[in-house]
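Heads up: the structure comes next, in structure tokens.
The values are calculated or read from the model by the stated rules, or taken from the named source; none is laboratory data. If you're wondering where the values come from, they're calculated on a predicted model, not measured in any experiment. Counting neighbours? That spans all protein chains shown, and the Cβs are built from the backbone with ideal geometry, glycine included. Side chains included, ligands, DNA and RNA excluded: accessible areas come from the protein's heavy atoms. Shrake-Rupley method; radii C 1.70, N 1.55, O 1.52, S 1.80 Å.
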Amino acid sequence: MQRRKTHEVRVGNIGIGGNNPVRVQSMCTTSTMDTDGCVQQILAIAAAGGELVRLTTQGVREAENMKIIRDRVRAAGCMVPLVADVHFNPAAADVAALYCEKVRINPGNYVDPGRTFKKLEYTDEEYAAELTKIEDRLVPFLNICREHNTAVRIGVNHGSLSDRIMSRYGDTPAGIVESCMEFLRVCMKQQFMDVVVSIKASNTVVMVESVRLLVKAMDAEGMTFPLHLGVTEAGEGEDGRLKSAVGIGALLVDGIGDTIRVSLSEPPENEIPVAYALLQAARVRQTKTEYISCPGCGRTLYDLQETIRKVKAATQHLTGLKIGIMGCIVNGPGEMADADYGYVGAGRGRISLYRGKECVEKNIPEEDAVDHLLRLIEADKKQ
């Protein structure tokens, strides 16, 4: 898998895109006027490993309070960049750009009015005039962002496409992409490159198809903007985790994606470990020990599930390692070929240990095998 080439966008003290790792972010669920609540959630997200935190910013009042929140968070020693999330209110985006490291705007409601779900008819000239309105309002905002080193996210939501886009393109991935491209063309014309792009939907198929189509459209026009990935309204518990894994994971294995958010209807800090696990499963960012284990079958002659628990308990602090735990020799050595170490059933109550593809210890009694594995890893670390 080769990651799509993008340029770096600086957001406070971190970079998105370029050669940076795929970044993990979340969003506060508190009112942005609840300063204490926002600060507590930001610190909790950062403590869990979140690298950016977004806050809803409905109006100028909330945008102004972002300065107070930012100052409180910085005073607590937390430098995580803050992102203002703006809908329907360009004036709020202008103010937020003074205080936040990044501002998200939604092309579906930044200049276009809220959806009425009415079919509108435009001549080509009238449609072009609507695009001029977008440029006239967007350029002053970009100038503020340029002056204050504030990054921008152009964030399209499938559920908030404008009546104008819906009338011309319908409720289609093509319409979703064009909604985004209209804004990106203005950014290119203004040579404002500090932009991250996202297309989100609650339907994973629509989300994946639209992002792939967006990448083709950007490539055709010479754009290398980094991409933010997420499945919006994914839900909670297993539902939210599975939908996010399907949508975000499909794109990550295509090499697409520079920052992600796993949206869960749970406390926001819960999103962070899921995101890191997803990145590791997609083999794009390794942050913990990875375990490769088979489900077991009639050939497994030791307690596989109990052994997995014991191996994990003994090795989970060894960040960056891949350890295979396999029931028997039939598929074991082959399936765990890219693991650093392997623990493979060799007979009833007997284990063989591997370093990579090489068997280094054979027929160890099951009760001693975990200790042997740890000694092997420790000996290799000292060499």
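The ellipsoid that matches the Cα gyration tensor of the stretch 1-56 has semi-axes, each √(5λ) in whole angstrom, of 27, 11, 9, with the longest given first. Once you order the gyration tensor axes a ≥ b ≥ c over the Cα atoms, which shape class does the stretch 88-241 get: rounded for a/c under 1.5, otherwise prolate or oblate by comparing a/b with b/c? Taking the square roots of the gyration eigenvalues as a ≥ b ≥ c, the stretch 88-241 is rounded.
With a cut-off of 14 Å, note down the residues of the stretch 318-332 whose backbone N falls inside the zone around a label point 7 Å from the Cα of Leu374 toward its beta carbon. Taking a point 7 Å out along Cα→Cβ of Leu374, the residues of the stretch 318-332 whose backbone N falls under 14 Å are 318.
Computed over protein heavy atoms with a 1.4 Å probe, the accessible surface of the chain works out to 44 Å² per residue. Modelled label positions at Ser31 and Ser265, each set 7 Å beyond Cα in the direction of Cβ, lie 2.2 nm from each other. Compared with the dominant Cα axis of the chain, that is its longest principal axis, helix 90-99 is turned about 50°.
Model label points for Glu236 and Met1, set 7 angstrom from Cα along the Cα-to-Cβ axis, are 3.0 nm apart. The loop-placed chymotrypsin sites (Phe, Trp or Tyr not before Pro) in the stretch 117-168, going by DSSP, that have at most 15 neighbouring Cβ atoms within 10 Å of their Cβ come out as Phe117, Tyr122.
Extending 7 Å from Cα along the Cβ direction at Gln191 and again at Ala174 yields two label points whose distance is 3.5 nm. Plainly put, the stretch 284-383 has a radius of gyration that is 0.93 times its Kirkwood radius, both from alpha-carbon atoms, as the Rg/Rh ratio. Accessible area of Arg355 (1.4 Å probe, protein heavy atoms only, ligands and nucleic acids ignored): about 90 Å². In loop segments of the stretch 105-161 as defined by DSSP, the trypsin sites (Lys or Arg not before Pro) with at most 16 further C-beta atoms inside 10 Å of their C-beta are Arg115, Lys118, Lys119.
On the accessible surface of the chain, probed at 1.4 Å, how many percent belong to carbon and sulfur atoms? Reported share for carbon and sulfur atoms: 50 percent. Taking a straight line from the alpha carbon of Lys189, these lysines sit under 27 Å away, with near neighbours fewer than eight places off in the same chain left out: Lys5, Lys102, Lys133, Lys200, Lys216. Dividing the Cα radius of gyration of the chain by its Kirkwood radius returns 1.07 for Rg/Rh.
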